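Student: Below is the structure I would like to discuss, written out as structure tokens.
The values are calculated or read from the model by the stated rules, or taken from the named source; none is laboratory data. Everything numeric here is computed off the predicted structure, so don't read it as measured data. Reconstructed Cβ throughout: ideal geometry from the backbone, glycine too, with neighbour counts over all protein chains shown.
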Amino acid sequence: MKIERVELRLLQMPLLDAFTTSFGQVKLRKLVLVSVYSEGVVGHAESVAMEYPLYNEETIETVWYILAELLIPRLLTAEITAPEDVSRLFAPIRRNNMAKAALEGAVWDAYAKQKGISLAAAIGGKKQTIDVGVSIGIEPTVDAVLKKVERFVDEGYKKIKVKIKPGFDIKPIEAIRKQFGTELPLMADANSAYSMTDLAIMKELDHYQLMMIEQPLAHDDIIDHAKLQKELSTPICLDESIHTVDDARKAIELNSCKIINIKIGRVGGLSESKKIHDLCEQHHIPVWCGGMLETGVGRAHNIAITSLPNFTIPGDTSASNRYWAEDIVTPEVALLKPGILAVPDNPGIGYEVNPSVMRKYLLREARFME
Ligand code: OSB
Ligand code: MG
């Protein structure tokens with residue numbers, strides 16, 4: 001695969017409504033769109049880093065810097081035969097996984113297009129449709145949460161995830177269970193907002209038959225999570241703590257979690273995502289695909305990875321209209337049936353970038369050639 005050119009674009013897109021987590025609020029989503037030109041095709045992917053280093057250590061600008069100064073120059077001068085070579089090429093550079101994943105993902109899309117197969121097929125996915133859920137941020141009131149849950153339940157989403165933080169945890173969960181019953185597939189995501197001193201709150205949450213509690217403790221912890229898991233019957237799911245297949249192996253060995261959320265960006269790309277998927281499958285740890293407020297480009301990558309068999313729990317890949325008045329892809333990502341997305345079978349990610357929509361949100365662009 002000869003990589004002839006790489007283009008970076010910084011986009012800023014308004015969210016339909018603000019998304020709030022225990023670590024902060026996003027109203028305008030900034031992201032880096034990466035396009036790789038190779039032997040007659042163009043592959044696309046996006047970086048999921050946030051504007052500030054509050055979820056992980058990366059930011060939009062560190063992603064841009066690492067891509068422009070280190071990763072793209074390496075890729076343009078390397079001999080690669082398959083996308084798996086890209087993660088090996090980037091391995092000497094520590095972390096910066098979201099930067100790596102964006103470029104690796106664009107190469108995967110180009111590779112699949114060159115082969116004339118879907119990205120899902122290129123990584124070994126077999127599912128033709130995937131069940132999907134939706135993530136609901138922290139809202140100003142419990143009533144506002146209930147309204148959102150109602151809307152997404154009506155749209156047929158197969159899992160409802162709500163964000164919690166100290167002071168806004170038991171109340172929304174209790175209210176959701178009261179209105180929607182215990183059959184509703186419900187989980188909570190704490191984004192590292194608690195510590196072991198909050199054990200009493202965790203034990204109270206344990207009474208609500210949640211599918212899982214996601215990342216309750218520190219972003220870099222797998223020890224306390226193992227202690228906490230011993231005290232709870234609700235499965236713990238790790239998000240922030242897992243960056244590599246080795247992290248996943250250690251967390252499984254320590255019983256730090258019973259479920260893993262795989263985000264392609266957080267783990268440095270599709271190749272590493274697949275390794276984590278395969279390891280979890282061997283250990284009977286179900287996985288699901290997390291979201292990072294992606295445009296349709298990132299959603300398409302999430303759909304492709306979710307087509308692997310051990311993605312048995314609905315993820316956060318909702319339709320474009322969950323966040324965007326207009327998405328940068330055509331067609332937009334839309335539910336095939338309530339709570340179900342189709343896995344495209346056309347070459348690559350299966351969605352086209354719409355240049356006129358994309359240009360509306362463009363803040364900066366740069367082009368790199370050997
Ligand atoms: O922890 O899963 C998370 C968004 C930004 C940062 C972290 C997370 C999230 C979400 C949103 O939960 C998921 C989505 O894209 O809908
Ligand atoms: Mg999370």
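Student: Just to verify a result, which residue in the range 234-249, among those that are within 18 Å of MET202 (Cα to Cα) and within 13 Å of ligand 1 (Cβ to nearest atom), is surrounded by the fewest Cβ atoms within 10 Å (Cβ to Cβ)? Don't jump to the end; show me each part of the working.
Tutor: Step one: of the range 234-249, the residues within 18 Å of MET202 (Cα to Cα) are 234-239.
Those left that are additionally within 13 Å of ligand 1 (Cβ to nearest atom): 237-239.
Numbers: CYS237: 28, LEU238: 25, ASP239: 22.
So the residue we want is ASP239.
Student: Got at least one residue in the range 341-360 being acidic (Asp, Glu) and within 30 Å of GLU69 (Cα to Cα)?
Tutor: For the range 341-360, residues acidic (Asp, Glu) and within 30 Å of GLU69 (Cα to Cα): present.
Student: Only one residue in ILE313, ILE340, ILE303 is in contact with a Pro (Cβ under 6 Å, 6 or more places away or on another chain) and touching a residue at least 60 places away in the same chain (Cβ under 8 Å), so which one is that?
Tutor: The unique qualifying residue is ILE313.
Student: In the range 107-148, what residues are within 16 Å of ligand 1 (Cβ to nearest atom) and not in a loop (DSSP other than H, G, I, E, B)? First the steps, then the outcome.
Tutor: To start, the set of residues in the range 107-148 that are within 16 Å of ligand 1 (Cβ to nearest atom) comprises 130-139, 145, 148.
Once the filter is applied, which keeps residues that are within 16 Å of ligand 1 (Cβ to nearest atom) and not in a loop (DSSP other than H, G, I, E, B), the range 107-148 yields ILE130, ASP131, VAL132, VAL134, SER135, ILE136, VAL145, LYS148.
Student: Moving on to the next point. Being assigned to a loop (DSSP other than H, G, I, E, B) and within 15 Å of ligand 2 (Cβ to nearest atom) is the filter here; which residues of the range 209-234 pass it?
Tutor: So in the range 209-234, the residues assigned to a loop (DSSP other than H, G, I, E, B) come out as 209-212, 215-222, 232-234.
Across the range 209-234, the qualifying residues are LEU210, MET211, MET212, GLN215, PRO216, LEU217, ALA218, HIS219, ASP220, ASP221.
Student: Only one of (1) more than 29 Å from VAL86 (Cα to Cα); (2) touching a Cys at 6+ places or on another chain (Cβ under 9 Å); (3) of a type in the set (Ser, Thr, Tyr) fails for SER233. Which number is that?
Tutor: Every condition holds for SER233 apart from (2).
Student: In the range 110-150, what residues are among the acidic types (Asp, Glu) and either touching a Phe, Trp or Tyr at 6+ places or on another chain (Cβ under 6 Å) or loosely packed, with under 15 Cβ neighbours inside 10 Å (or both)?
Tutor: Selection gives ASP143, GLU150.
Student: In the range 300-326, what residues are within 20 Å of PRO185 (Cα to Cα) and among the charged types (D, E, K, R)?
Tutor: ASP316, ARG322
Student: How many residues does the range 271-287 hold that are farther than 20 Å from ARG94 by Cβ and touching a helix residue (DSSP H, G or I) at 6+ places or on another chain (Cβ under 8 Å)?
Tutor: Of the residues in the range 271-287, the ones farther than 20 Å from ARG94 by Cβ are 274, 277-287.
If we keep only those that are touching a helix residue (DSSP H, G or I) at 6+ places or on another chain (Cβ under 8 Å) as well, we get 274, 277, 279-280, 283, 285-287.
Number satisfying all stated conditions: 8.
Student: Another question, if that's okay. What pairs come out if I take residues in the range 185-211 that are farther than 25 Å from GLY133 by Cβ and pair them with residues that are in a helix (DSSP H, G or I) and basic (Lys, Arg) whose C-beta lies under 6 Å away, six or more apart or interchain?
Tutor: Sorted first by the residue in the range 185-211, then by its partner, the list stays empty.
Student: Picking from GLU174, GLU183, GLU204, GLU240, which residue would you name as being acidic (Asp, Glu), under 24 Å from the mean Cα position of the chain (by Cα) and either modelled with pLDDT of 95 or more or not in a helix (DSSP H, G or I) (or both)?
Tutor: From the options GLU174, GLU183, GLU204, GLU240, the qualifying one is GLU240.
Student: Something else about it: Considering (1) away from ligand 1 (no atom under 16 Å from the Cβ); (2) surrounded by 15 or more Cβ atoms within 10 Å (Cβ to Cβ), say which one MET187 fails and leave the rest.
Tutor: Of the numbered conditions (1) away from ligand 1 (no atom under 16 Å from the Cβ); (2) surrounded by 15 or more Cβ atoms within 10 Å (Cβ to Cβ), the odd one out for MET187 is (1).
Student: Specify which of the listed residues (ILE264, ILE252, ILE222) is β-branched (Val, Ile, Thr), within 16 Å of ligand 1 (Cβ to nearest atom) and crowded, with 18+ Cβ neighbours inside 10 Å.
Tutor: On the way: ILE252 fails: within 16 Å of ligand 1 (Cβ to nearest atom); ILE222 fails: within 16 Å of ligand 1 (Cβ to nearest atom).
Only one candidate qualifies: ILE264.
Student: I would also like to ask the following. Right, ILE276: among the β-branched types (Val, Ile, Thr), within 16 Å of ligand 2 (Cβ to nearest atom) and outside any helix (DSSP H, G or I) or not?
Tutor: No.
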